Structure formats: C-alpha cells, structure tokens
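Everything below concerns the one structure shown next.
The values are calculated or read from the model by the stated rules, or taken from the named source; none is laboratory data. Model, not experiment: these values are computed from the prediction. Neighbour counts are summed over all protein chains in view; Cβ atoms, including those assigned to glycine, are modelled from backbone coordinates with ideal geometry. For accessibility, only protein heavy atoms count, side chains too; no ligands or nucleic acids. Shrake-Rupley method; radii C 1.70, N 1.55, O 1.52, S 1.80 Å.
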Amino acid sequence: MHITQLNRECLLHLFSFLDKDSRKNLARTCPQLQDVFEDPALWPLLHFRSLTELKKDNFLLSPALRSLSICWHSSRVQVCSIEDWLKSALQRSICSRHESLVSDFLLQVCDRCPNLASVTLSGCGHVTDDCLARLLRSCPRLRALRLENCARVTNRTLTAVAAHGRALQTLHVDFCRNVSAAGLRRLRTACPRLTLRAEHSAAMIPDQSPGGLRSPGAALRKQLLR
C-alpha cells in the first residue's frame with residue numbers, strides 16, 4: 001500500500017510524529033502530501049530551539065496555533081543581554097544579524113494566530129515591551145505568557161498585561177532584570193487572580209541610561225567587557 005492511499009486523517013497522524021524538517025521533506029515528494037503539510041490542523045504547536053529556525057519555511061502559522069515556544073540557549077544570548085551602550089562594535093555586529101528576528105516573527109503571529117493560548121520566550125534578549133503589548137491585544141485568548149532572560153522586558157509589559165491580558169492566568173518574568181518590585185506589586189493589585197512568578201527579576205540590577213548614574217552592576221559588567 002502506498003502512503004498516498006491513506007486517508008487524510010491517517011496522513012495527518014503520521015505527519016504529527018515528524019519534526020518540522022522531516023515534514024517539509026516529505027511534503028516535497030508529491031502535491032497530495034504538500035496539501036497535508038499545509039493543513040492548519042497539523043500545526044497547533046510550534047517549538048523553536050534557535051533563532052535561525054524562525055527564518056525557515058518548514059512550518060505553518062495559522063489560527064490553529066495554540067502553543068508557541070522560542071527557547072534560545074546560546075552564547076549569543078549573553079551578548080544580547082548586555083546594555084546596548086556597553087556593547088563593543090563586534091557585539092553590536094553579532095546582535096544586528098538577529099536583533100529583529102523574534103519581534104518580526106511575533107508580529108506575524110499577531111496577524112495570523114488570534115487563538116494562541118500559550119507563549120514561552122526564553123533567551124530572547126531583543127524582544128520589546130511594544131511587541132508583547134501587541135501580542136496581548138491581538139491574542140485575546142492568551143492564557144499563559146512565560147518570559148525568561150528577556151533583558152528588554154520592563155514594567156511596561158506588566159502594564160500591558162493588566163490592560164489587555166483579560167484571559168491571562170499565568171505570567172512568568174524570570175530573570176528579566178528590568179522588571180521592578182514596584183511594578184510587580186502594582187500588577188498583583190490589578191490582577192489578584194493572576195499566577196505571577198518573577199524569579200530573581202526584581203532582585204537583579206536594572207539597566208540605567210548612559211546619561212544617568214550607573215548602577216554598580218552596570219559598572220561591573222563594563223569592567224568585565226574590557
């Protein structure tokens with residue numbers, strides 16, 4: 001029996017066991033399997049382990065997407081987490097190659113995936129408050145937002161959660177150094193039923209503008225970069 005003789009339900013089940021690259025390779029073999037690859041029912045969950053995966057064409061964004069995870073664990077994450085004004089020319093060059101990748105991808109998610117229920121971002125050092133605020137507005141069914149080591153996330157994201165996260169039940173802002181204890185207290189007051197976790201965030205030293213007084217932590221990081 002040839003694989004194309006299977007009904008669509010069986011083909012979708014077989015595709016579900018394959019990773020994104022394997023699905024794409026199989027889809028290239030014939031139009032029927034390409035059609036199965038493009039079925040939104042195959043793509044309720046997307047997990048990316050590197051930023052380069054976001055640029056591939058081996059997945060589909062659709063209203064069927066319910067869970068999205070971008071977990072980037074790389075030495076470059078440490079470079080992204082350095083304050084912009086402390087980066088060397090080499091470090092800025094490294095960041096410029098991927099600085100907007102996650103934000104641009106999330107904007108596509110905002111436009112195509114209104115039924116998203118869970119988002120996890122880890123090591124995404126360039127994702128911004130504005131991008132997350134738009135995500136919250138565009139995905140009203142979002143129930144869980146988990147952020148880890150996202151250096152540009154500030155209290156503005158917490159404010160956006162209070163304003164737009166009507167369905168949100170879980171928020172993690174772990175190791176997000178620019179989230180303050182005061183911001184967390186305000187959010188707890190505004191959303192008492194929200195399960196909120198902020199491991200180490202409020203205890204970390206936040207960034208400070210180069211024109212102001214730098215914190216001891218920023219000075220120490222500058223010394224280490226020399």
* Taking the dipole about the Cα centre of the chain, with the C-beta of Lys and Arg at +1 and of Asp and Glu at -1, give me whichever of Ser122, Leu42, Asn149 is farthest to the positive side. => Asn149
* **Inter-centroid distance (Cα atoms) of the range 46-61 relative to the range 134-194, Å** => 25
* In the chain, with Lys and Arg counted as +1 and Asp and Glu as -1 at Cβ, which of these residues, Ser103, Cys113, Ala64, has the Cα nearest the positive end of the dipole, that is, farthest along it? -> Ser103
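Using only alpha carbon pairs under 8 Å that are at least six residues apart, calculate the relative contact order of the chain and give it in whole percent.
Reported as a whole number, the value is 13 percent.
For the range 58-175, which whole-number percentage of the solvent-accessible area (1.4 Å probe, protein heavy atoms only) is attributable to carbon and sulfur atoms? Before the final figure, lay out each step's value.
Working: 2340 of 4820 Å².
Answer for the range 58-175 is 49 percent, counting heavy atoms of protein chains only.
Given R₀ = 41 Å, what would the calculated FRET efficiency be for Asn7 paired with Asp174, taking r from the Cβ atoms and rounding to 0.05? Intermediate results must be reported in sequence, preceding the final value.
Values: r = 45 Å, r/R0 = 1.09.
It comes out at approximately 0.40.
Under the Kirkwood approximation applied to all pairs of distinct alpha-carbon atoms, what is the hydrodynamic radius of the range 123-201 in Å? Before the final figure, lay out the partial values.
Numbers: mean 1/r = 0.0827 Å⁻¹.
Radius from the Kirkwood sum: 12.1 Å.
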* Structure fact -> Across 5 Å bins beginning at 0, the whole-percent shares of Cα-Cα pair distances in the range 85-142 come to 4, 18, 26, 21, 13, 8, 7, 4, 0
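Let me know the charge dipole size of the range 70-173 about its Cα centre in debye, to the nearest 20, where only the beta-carbon of Lys, Arg (+1) and Asp, Glu (-1) is charged. It would help to have the intermediate numbers written out before the result.
On the way: 13 positive and 8 negative charges, 51 e Å.
Here the range 70-173 has a charge dipole of around 240 debye.
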* Structure fact -> Diffing the range 83-96: the Karplus 3J(HN,Hα) column from phi (6.51, -1.76, 1.60, θ = phi - 60°), in whole Hz with x for Gly and Pro, holds 4, 4, 6, 9, 6, 7, 4, 5, 5, 5, 5, 4, 5, 4
* Magnitude of the Cβ-charge dipole of the chain, K/R +1 and D/E -1, about the Cα centre, nearest 20 debye? -> 720
* Arrange the peptides 109-118, 3-12, 47-56 so that the one whose residues have, on average, the most other Cβ atoms within 10 Å appears first. => 109-118, 47-56, 3-12
* Can you tell me the order of 122-131, 16-25 when each peptide is scored by its average per-residue count of other Cβ atoms within 10 angstrom, highest first? => 122-131, 16-25
* Starting with the highest mean, order 192-204, 154-166 by the number of other Cβ atoms within 10 Å, averaged over the residues of each peptide. => 154-166, 192-204
* To do: Mind putting a number on the dipole of the range 1-103 about its Cα centre? Charges go on the C-beta only, +1 for Lys and Arg and -1 for Asp and Glu, and I need it in Debye to the nearest 20.
  => 260
* Structure fact -> Taking only Cα atoms of the chain, the Rg to Rh ratio with Kirkwood Rh works out at 1.05
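Would you mind classifying the range 1-107 by shape? Square roots of the alpha carbon gyration tensor eigenvalues, ordered a ≥ b ≥ c; an a/c under 1.5 is rounded, otherwise it is prolate if a/b is larger than b/c and oblate if not. Spell out each step's value before the answer.
Working: a/c = 3.50, a/b = 2.90, b/c = 1.21.
Prolate shape, in that a/c is at least 1.5 and a/b is the bigger ratio.
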* Amide H to amide H, which residues 5 or more places from Arg146 or on other chains are under 5 Å from it, using H placed in the peptide plane? -> Val119, Thr120, Leu121, His172
* Do the sum for the chain: with -39,500 (n - 2.57) for every DSSP H run of n ≥ 4, divided by all residues, what is the mean residue ellipticity at 222 nm, to the nearest 500 deg cm²/dmol? -> -11000 deg cm²/dmol
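Hey, what did the range 18-135 get for relative contact order, percent, Cα under 8 Å, at least 6 apart?
Values: 145 pairs, mean separation 32.5, N = 118.
Result for the range 18-135 is 28 percent.
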